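Reviewing the structure listed below.
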Amino acid sequence: MCRSLRCVTLALCAVSVHACAKSSDSTGKPPDEAAGTKAVAADKGGQGQEAAGTASTAPAAPAAAADKHWYRAAFVPEGSPEIPIYLQLPAAGSSGTGKVVNGQHEADVDAAWTGKDLKVSFPLYHASINATADAQGRLSGSWQVESKTWGAGLVPFHAEPTDAPAPEQRFDQKTLPGQPIDLGEATTVWRAKFPESGVAKITMHQPAPGVFNATVLFTTGNVVYLAGNGRGKQVHMSAFIGLSLYLLTAELDAKKKTLTGKWISGPRLEWREAFKAGRGKDFEVPIAVKTQQRDQLFSMPQLSRYDGKPLIVEVGGSWCDACKHAAGALKEIYDRQHSKGLEIVTLTYEFTDDSAYNKKQAEAFKAAYKLPWEVIPVDGSTDRAWEIIPQGIEGVDASGFPITLFVNPDGSIRSVHASFAGPEHPVEHRRGVKEYEEQAAALVAATKGAAR
């Protein structure tokens, strides 16, 4: 299992997903396609291709805010249980903003109808859901990814209209039969051991018996939010973030102290790993990323204009879901501290040698999150990943992006932070925001002290 970008299979399985599947090796070559998934040709121009049947002849009318409908949707990989989510979509014949709902997490998406054909777009990821409605309004089609960074993947998709999200039926009775599981506590912590990924912390919240939301934190900094159900002895939880699917399935022992199961995720569901988790007390997960030495100096040619200034360097990518959460926290810091001298720069890594594509993705990333600071693309394929990542940092794994460097005016690195949890992970999110704010304030204060 790779622990750094030295063996990047940056088929990285996904946005904020651990890079190395079991079949990876140290050459950096991606693993084979997971059984049952179908490859689709990647667009050489780097843009998501229109699926057959979705070509638009005229723009659809925007949907009114109240004229939207809910669906219980599911991705159905061959050889795997279905991976359900809830979708809110504009009414047939219109276009507008929809929602993907994973438990407490909601994400806006672009959706448009052309006749009976639907396209839900994730433009930064070069991914989309393409489906056709039948006479009863049921949808069938596929989710596909056509990314220069992650390659191509396709998974069948279907959805049925519903009145509203029903957390107790995210996994329906047919998929997960039995009586609802009651863990006896609103929040439980599980220490999970993966044979290749090592230790992870699973924090499970139980809003009601049989209904679970969970945060999974890996030592890379990768943090994943899941929602699902537990019935009988089985617990199933899932998530979908546009570029990646996630599925955790496990069996609970009779004493409700041990979970034994499987983890599946990625654009092609290529990260597949067994795990065993024990219920116990809360614990800190040691994040692997760190500087090689105390007061490690930081230098990159692209950033020479910021020499002598307090600087936050955000290492991420347009594909990075966690980076959008970090961007929100950094924007608030920038608004307060930029007038005091603080600078922020984002470096985007698409892990391709296509300069034009990388530049376009950096511009799209800056526009999508309305960043007031410079966003700089860094060219280089996965074969050169270790060369192009900032030197002097150990334990870097792109599944833990963003990597945030707090750099003193003299070029020494004050601290390093891996990943950034969204608000659906309240404890980890507050911790990340607090660390960002404290480190930024310390940079500014140290600069003022030196000036005096």
> What number of residues in region 128-157 are within 22 Å of S265 (Cβ to Cβ), touching a residue at least 60 places away in the same chain (Cβ under 8 Å) and in contact with a Ser or Thr (Cβ under 8 Å, 6 or more places away or on another chain)?
Replying inline: 12
>> Looking at region 96-105 only, could you name the residues that are buried (at least 19 other Cβ atoms within 10 Å of the Cβ) and more than 18 Å from the chain's Cα centre (by Cα)?
In response: G96, G98
>> Restricting to region 218-236, count the residues that are in contact with a Ser or Thr (Cβ under 8 Å, 6 or more places away or on another chain) and assigned to a strand (DSSP E or B).
In response: 10
>> What pairs come out if I take residues in region 68-80 that are more than 15 Å from S244 (Cα to Cα) and pair them with residues that are modelled with pLDDT under 95 and of a type in the set (K, R) whose C-beta lies under 6 Å away, six or more apart or interchain?
In response: none
> Across region 381-417, what is the total count of residues that are at pLDDT 90 or above and either under 22 Å from the mean Cα position of the chain (by Cα) or outside the structural domain of A362 (by TED's automatic domain parsing) (or both)?
Replying inline: 7
> Name the strands (runs of 3 or more DSSP E) wholly within region 344-452 that hold at least 2 residues that are surrounded by fewer than 20 Cβ atoms within 10 Å (Cβ to Cβ) and of a type outside the set (S, T, Y)?
Replying inline: 374-378
> Considering T175, T162, which residue is in contact with a Phe, Trp or Tyr (Cβ under 6 Å, 6 or more places away or on another chain) and surrounded by fewer than 17 Cβ atoms within 10 Å (Cβ to Cβ)?
Replying inline: T162
> more than 21 Å from the chain's Cα centre (by Cα), aliphatic (A, V, I, L, M) and under 20 Å from E437 (Cβ atoms): does that describe I287?
Replying inline: no
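Name the one entry in T260, T203 that is closer than 22 Å to T175 by Cα, modelled with pLDDT of 95 or more and either touching a strand residue (DSSP E or B) at 6+ places or on another chain (Cβ under 9 Å) or buried (at least 24 other Cβ atoms within 10 Å of the Cβ) (or both).
Values: T203 fails: closer than 22 Å to T175 by Cα.
Answer to the check: T260.
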> Can you tell me which of R138, R170 is crowded, with 22+ Cβ neighbours inside 10 Å and at pLDDT 95 or above?
Replying inline: R170
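Yes/no matrix, rows are residues, columns are (1) among the hydroxyl-bearing types (S, T, Y); (2) at pLDDT 95 or above; (3) assigned by TED's automatic domain parsing to the domain that holds R431; (4) farther than 30 Å from A200 by Cα:
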| site | (1), (2), (3), (4) |
| --- | --- |
| V285 | no, no, no, no |
| R294 | no, no, yes, no |
| S299 | yes, no, yes, yes |
| D307 | no, no, yes, yes |
| I312 | no, yes, yes, no |
| K324 | no, no, yes, no |
| K359 | no, yes, yes, yes |
>> I'd like the full set of residues that are of a type outside the set (D, E, K, R) and surrounded by fewer than 16 Cβ atoms within 10 Å (Cβ to Cβ), limited to region 181-198.
In response: G184, A186, T187, P195
>> Can you find, within region 224-259, the residue that is farthest from A186 (Cα to Cα) among those that are polar (S, T, N, Q) and within 24 Å of the chain's Cα centre (by Cα)?
In response: S244
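The values are calculated or read from the model by the stated rules, or taken from the named source; none is laboratory data. Just so it is clear, the model here is predicted, and its values are computed rather than measured. All Cβ positions, glycine included, derive from the backbone under ideal geometry; neighbour counts span all protein chains shown.
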